[in-house]
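See below for the structure under consideration.
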Protein chains: 2
Amino acid sequence: MADVVPSIGLVEDLAGPQHPEDSLVNHSEGQFFLNEAFKIIVDEVLNKGTDVQQKVCDWKEPEELAQLLDLELRAAGEPHHRLLERVRDVAKYSIKTSHPRFFNQQFAGVDYHSLAGRFLSEALNTNLYTYEAAPVFVLMENEVLRSLRLLIGWTEGDGIFCPGGSTSNMYAMNLARFQLFPEVKSQGLCGLPRLAIFTSSQSHYSVKKGAGFLGIGTDNVILVKVDDGGCMIPEDLDEKIALVKSQGTVPFIVSCTAGTTVQGAFDPLDRIADVCEKHKLWMHVDGAWGASVLFSKQHRHLLKGIERANSVAWNPHKLLLAGLQCSALLLRDCTGLLKRCHVANATYLFQQDKFYDLDLDIGNKSLQCSRKVDCLKLWLMWKAVGSSGLEERVNKACLLCRYFVQELKKRKGFYLLHEPEFLNICFWFIPPSLRGKEGNPDYQEKLVAPAIKERMMKKGSMMVGYQPLENKVNFFRMVVLSPLVSQEDMDFCLDEIERLGNDM
Amino acid sequence: MADVVPSIGLVEDLAGPQHPEDSLVNHSEGQFFLNEAFKIIVDEVLNKGTDVQQKVCDWKEPEELAQLLDLELRAAGEPHHRLLERVRDVAKYSIKTSHPRFFNQQFAGVDYHSLAGRFLSEALNTNLYTYEAAPVFVLMENEVLRSLRLLIGWTEGDGIFCPGGSTSNMYAMNLARFQLFPEVKSQGLCGLPRLAIFTSSQSHYSVKKGAGFLGIGTDNVILVKVDDGGCMIPEDLDEKIALVKSQGTVPFIVSCTAGTTVQGAFDPLDRIADVCEKHKLWMHVDGAWGASVLFSKQHRHLLKGIERANSVAWNPHKLLLAGLQCSALLLRDCTGLLKRCHVANATYLFQQDKFYDLDLDIGNKSLQCSRKVDCLKLWLMWKAVGSSGLEERVNKACLLCRYFVQELKKRKGFYLLHEPEFLNICFWFIPPSLRGKEGNPDYQEKLVAPAIKERMMKKGSMMVGYQPLENKVNFFRMVVLSPLVSQEDMDFCLDEIERLGNDM
């Protein structure tokens, strides 16, 4: 190809077929390909990928996997049959997160209504910034946010979908800071006093990440003590706030957690709200994991006091199975704080002379410009099963979790870290050779979660996470949430850990 | 439902069918639904939605649309036939961004390979933080980033996919700040001197949003002058940096633009690199829109000097048709700056006693925790058409754009704002009644882009954006990029604006 800028005379080069059989994108060939790919997705991901007779993961060492996938991108394209093999390979070697033996994270399972909504969102390729560009989804996002707020107990308020709970938590920090010091948006932190954030020692790491990113500094995240169950101790919060104030630092937000990542603990929101009111601090609830419990009349007491918060982060992509990413930030504010804090008045997008209500151009509330539609999948699933169906799923997960705990207690060598409050079950497995030797000096080092995890992954039978916590050595963290999971899977999990670790 | 916490004795309540016919999620019913939804998606979005005989948008006033969609979420679920009607309605009333007459934003069109990759990503529901959780995509993301870096001219470096170009730009700011003041992560901005960011007056609004969010302040974004074409003037940059320094403020980053949002201008990167080197400043290139030109041997001269940058934001979801969201931040750094800047050492995810190379746990580089897979769609499309196919698309878009300009110049009443350098064509349409009256005092107010836009939307024939810019009144901004678009569509666009505006 010649290295010259084409003159206008060159436009005749554009000859060739016009629609509908354009040479660069051919609809009928493309749709045939898409159809074939769809069949492979159903076969590999949704059938084999959810079959307990099949592996959760087909473990490969990185070098081997790279070779199998032939990842290199080249100048020439490839024929469709080769691409379909690639679709199958990608599916084959990926982790089956919808498999009934996937207990590794705070998401699992598949909901077909949500998945249909996700496919539709992808096909529409809508960018959610203005009513003009996204009429359906501007209205739908508002309605979904309204419905989530109602579950919190707020009949009015504001909100937005964010690319994940970490971002939602960071939005909350930025809003709290802006409410206290509106000039921070234009002038920055320079000249302001040192600011401080309060959160429990078991809160999500995004609070620290956010403090770093927002220019507040991770050292200015003050970690409040927790009780044995991992719940924030309000008295310690109150004391730490007073101490920080006495040092001339300005506290501006308390980030509580409803469902901690490791233990699934719920901070005592009502009592924390008292402390926040006393000190006039923004109360944020990171309910990324636990807020979905609000659907359950039986269990929503865990979040008592949440309606007193200023903001809530809630990830329906976790417990509700809406699919990644689906993360709402909800606000009690009705004064347009979110928009004032983030608006940048881009004239190419948010023209002021449009022929419709400019409040519908919700992109002004976001830090993002291009923003995916994350509400449709949740909306369609909610329409499909109703609030009552979502409640039933939450209740089922809680029951399954209790079943697991009950069975675990019957077995030798299994010890709970703490009686679970929610869907995270943290436990040690002590292999036979170590039982009764708890006094030995090398006892702790020998605990075997990483070794069992390695065997589990290489066998592909199951996935469960593990980790240490403060002075506690590695324990398993089992997360039970998918409605596709049965008591049989719970039994299998305990059996399998014994099988994998009994010779250690 | 009783408002009591279930005792362990209640686990027998969990009776009911086990897999494979679980009562809460039924695979065969679910897959039947998904199949039916898939057919509707193909029909409404990919067939009708790309047919020039069909509307780009079926405009409804918000109240009417809300009623048509019946958005309210209720306690009870709905049967599948009703849900399928909803799938069709959502598609019907959404903007058809793949329609050949959609010229409204910097994305358009559909690529079926990418779309297959997107469906597969959604079905797999992978969370991209560790090798354990996402073996295929950790390797794939690295390879895609490597291939993009090679086009910049970097044989090594770093990078990550972000949820949009705004986030990528904010990452660059955070990295530049961290490199200059590593203590900022832990201690925050308190005690540091005032920092300043330099960018052109026509750069994307995310630079200011980022300055607000990162605690730097929008007033500390120093806007550098542009020439008539919208390109940053390096001499003004140099002077402004010197001035700011003399006032005791510390400059730390220059955010250049390769392909501005409105005019599609390319800042002179080579000359800006000289200024950055002179002042030892981080050079970031916001190539969200324009970096894809690097695929074209013919046009990549527009980005001459990009290899001298420290970071590049590049959105393959725009010109390359990868689909929202697909946004890479690319770094020349090889010292692990990205990880050091963002790592938070969450022990539940990034255990240090894993059985594989911990460098594969790339989540430590991200500000997000849960992170969607954004690389597969680009990878699969790239495999399908090769770098040469992507080059051909870029070249075709440039040719079409030139054709449009050539035809526009032949017509009465159409005036270019500036000879376009790229794929954005900014132009005024002066209706017959106003022609020759450019001297009249009310001439400017009568320019008619918003009125034509309203008619266009309500007719549904086409979508083109408009906006003012500095002292220039509203003009149309046409963006041509989809390989599904033909010369006929270009002619239609000009004809249609005449039809809609000739009586004004």
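The values are calculated or read from the model by the stated rules, or taken from the named source; none is laboratory data. Keep in mind that this is a model prediction, so the values were computed, not measured. Methodologically, a virtual Cβ is constructed for each residue, glycine included, from the backbone with ideal geometry; neighbour enumeration extends over all protein chains shown. In case anyone asks, the SASA skips ligands and DNA or RNA and just uses the protein heavy atoms, side chains included. Shrake-Rupley method; radii C 1.70, N 1.55, O 1.52, S 1.80 Å.
Tabulated data
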| read-out | value |
| --- | --- |
| Dipole of the protein assembly as shown, positive end: most advanced residue of A:MET381, A:GLY153, B:GLY229 [Cβ charges, Cα centre] | B:GLY229 |
| DSSP bridge pairs, chain B: antiparallel proportion in percent, nearest 5 | 55 |
| Candidate residues A:HIS301, A:HIS80: accessible-area rank, largest first, probe 1.4 Å | A:HIS301, A:HIS80 |
| Helical mean residue ellipticity (222 nm; -39500 (n - 2.57) per DSSP H run of 4+; nearest 500) of the protein assembly as shown | -12000 deg cm²/dmol |
| Share antiparallel - DSSP beta bridges, the protein assembly as shown, percent rounded to 5 | 55 |
| Average Cα contact separation per residue, the range B:137-241, under 8 Å, 6 or more apart, as relative contact order % | 20 |
| Positive minus negative residues near A:GLU156 (Lys, Arg vs Asp, Glu; Cβ under 13 Å) | 0 |
| Dipole magnitude of the range B:127-372 about its Cα centre (Cβ charges: Lys, Arg +1; Asp, Glu -1), debye to nearest 20 | 240 |
| Dipole of the protein assembly as shown, positive direction: furthest Cα of B:LEU120, A:LEU120, A:ALA344, with charges on the beta-carbon | A:ALA344 |
| Chain pair B, A: total accessible area buried, heavy atoms, 1.4 Å probe, Å² | 17000 |
| Å² per residue, accessible surface of the range B:166-304 at 1.4 Å | 30 |
| Span per principal axis, largest first, for the Cα atoms of the range A:84-165 (Å) | 47, 31, 21 |
| Cβ-Cβ FRET estimate between B:ASP219 and A:GLN352, R0 fixed at 22 Å, reported to 0.05 | 0.45 |
| Average Cα contact separation per residue, the range B:127-372, under 8 Å, 6 or more apart, as relative contact order % | 26 |
| Cβ-vector label at 7 Å, A:SER28, separations to other copies in nm | 3.6 |
| At 1.002 mPa s and 20 °C, Stokes D of the range A:127-372 from Kirkwood alpha-carbon radius, µm² per second | 117 |
| Within the accessible area of chain B (1.4 Å probe), percent carbon and sulfur | 51 |
| Interatomic Cα distance distribution for chain B, bins of 10 angstrom, percent | 4, 16, 24, 24, 19, 9, 3, 1, 0 |
| Test item: Cα-centred dipole of chain B, Lys/Arg +1 and Asp/Glu -1 on Cβ, debye | 1480 |
| Solution diffusion estimate, µm²/s, Stokes-Einstein, the protein assembly as shown, Kirkwood Rh from C-alpha pairs, 25 °C, viscosity 0.890 mPa s | 84 |
| Point-charge dipole on Cβ atoms (K/R +1, D/E -1) for the protein assembly as shown, about Cα centre, debye to 20 | 1280 |
| Ascending list, in nanometres, of distances separating the A:ASN345 label from those of the other copies (7 Å, Cα toward Cβ) | 4.5 |
| For chain B, with +1 on Lys and Arg beta carbons and -1 on Asp and Glu, the positive-most of B:VAL448, B:GLY363, B:GLY215 along the dipole | B:VAL448 |
| Label spacing, shortest first and in nm, from B:ALA76 to its equivalents in the remaining copies (7 angstrom along Cα→Cβ) | 6.1 |
| For the range B:127-372, share of DSSP beta bridges that run antiparallel, in % to the nearest 5 | 40 |
